[in-house]
Amino acid sequence: MSFAKPFFGGNWKMNHGPSAARRFVEEFVALYEPHDDRTVVFFPPAISLAEFRAAAGARDDLQAGLQDVFWEVSGAYTGSISAGMGRDAGAGFALAGHSERRHVFADSDEDISRKVGAIVAEGLTPVLCVGEKLEERERGEVESVVTRQLEAGLSRLSREQVEGIVIAYEPVWAIGTGRTASPEDADRVHEVIRALLGEQVGETSGRAIPILYGGSVKAGNIEELLAAPEIDGVLVGGASLDPSEFALICNAGGR
Ligand code: PGA
């Protein structure tokens with residue numbers, strides 16, 4: 001599968017229940033026209049996914065995904081959601097390894113690799129999130145942390161399956177803090193990720209895999225981020241909650 005770039009993801013986290021999701025979509029569709037030169041994917045809370053789809057109606061350019069999955073298909077796993085259930089509710093994507101899953105809910109590299117495997121097995125596109133903590137950056141470990149997370153996250157996939165994924169680089173210190181990595185800093189890490197993907201799938205296929213940047217992206221910094229050569233799109237948290245701000249972001253980077 002290949003996606004039009006730039007790729008804009010809106011991760012609502014634990015915000016916007018079903019009625020707020022409907023109100024958001026009603027406002028957003030008036031501010032963002034369908035474009036065929038970009039991809040827009042929302043990650044509402046799972047409980048809002050069906051309402052999101054229903055409110056989007058014929059706007060199938062507004063795609064949706066899960067924020068997390070459990071790797072089993074079904075069973076006695078109270079509180080969990082499987083990738084197949086997400087597909088049934090209208091998801092085409094699922095995040096795996098978001099920093100809040102890693103650091104608030106203690107998802108390990110092994111857990112994330114199982115989740116990525118389950119997402120792919122159900123025919124959804126995983127958005128594998130990687131990124132270092134501040135102390136890791138200060139110790140000069142950015143490359144080793146990102147490499148470890150990426151290799152573990154992809155370890156259950158075949159070469160063809162790797163070709164169909166999306167990666168998001170989100171330095172933990174930039175998430176929800178108002179501190180954005182400079183486009184140059186982000187671009188440098190994206191180059192490392194691009195090289196690793198190239199080793200797995202070959203240079204040409206590696207180039208086609210979208211690598212998103214995430215961490216305090218807003219309307220005020222979207223243009224400079226998208227101008228960086230290796231940044232193929234963004235994963236937006238806080239600024240995706242407001243329909244006008246997120247519409248400004250999704251309308252950016254026009255050619
Ligand atoms: P933020 O979150 O835009 O609020 O920093 C980004 C993310 O966690 O995906």
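The values are calculated or read from the model by the stated rules, or taken from the named source; none is laboratory data. Everything numeric in this text was worked out from a predicted model, so none of it was measured. A quick note on method: Cβ atoms are made from the backbone with ideal geometry, for glycine too, and the neighbour counts reach across all protein chains shown.
Here are the numbers:
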| read-out | value |
| --- | --- |
| Residue in the range 224-255 that is nearest to the ligand (Cβ to nearest atom), counting only those that are closer than 13 Å to Trp12 by Cα and not in a helix (DSSP H, G or I) | Gly237 |
| Number of the condition not met by Gly233 [criteria: (1) surrounded by fewer than 18 Cβ atoms within 10 Å (Cβ to Cβ); (2) under 30 Å from Glu245 (Cβ atoms)] | (1) |
| Leu150 being of a type in the set (A, V, I, L, M), away from the ligand (no atom under 16 Å from the Cβ) and within 23 Å of Leu226 (Cβ to Cβ) | yes |
| Test: residue in the range 138-153 that is surrounded by fewer than 21 Cβ atoms within 10 Å (Cβ to Cβ), touching a residue at least 24 places away in the same chain (Cβ under 8 Å) and closer than 21 Å to His35 by Cα | no |
| The listed residue being at pLDDT below 95 and not small (Gly, Ala, Ser), out of Leu157, Leu134 | Leu134 |
| Pairs where the first residue, in the range 156-185, is of a type in the set (S, T, N, Q) and the second is assigned to a loop (DSSP other than H, G, I, E, B) and within 16 Å of the ligand (Cβ to nearest atom), C-beta under 8 Å, 6+ apart | Thr177/Gly215; Thr177/Ser216; Thr180/Gly215; Thr180/Ser216; Thr180/Val217; Thr180/Asn221 |
| Test: residue in the range 68-86 that is among the aromatic types (Phe, Trp, Tyr), buried (at least 22 other Cβ atoms within 10 Å of the Cβ) and in contact with a helix residue (DSSP H, G or I) (Cβ under 7 Å, 6 or more places away or on another chain) | no |
| Test: residue in the range 132-146 that is hydroxyl-bearing (Ser, Thr, Tyr), more than 16 Å from the ligand (Cβ to nearest atom) and more than 28 Å from Phe24 (Cβ to Cβ) | yes |
| Matching residues in the range 190-223 - criterion: being among the β-branched types (Val, Ile, Thr), within 19 Å of Pro6 (Cα to Cα) and crowded, with 16+ Cβ neighbours inside 10 Å | Ile193, Ile209, Ile211, Val217, Ile222 |
| Residue in the range 176-183 that is β-branched (Val, Ile, Thr), out of contact with any Gly (no Cβ under 6 Å at 6 or more places or on another chain), buried (at least 22 other Cβ atoms within 10 Å of the Cβ) and farther than 20 Å from Phe3 by Cα present | no |
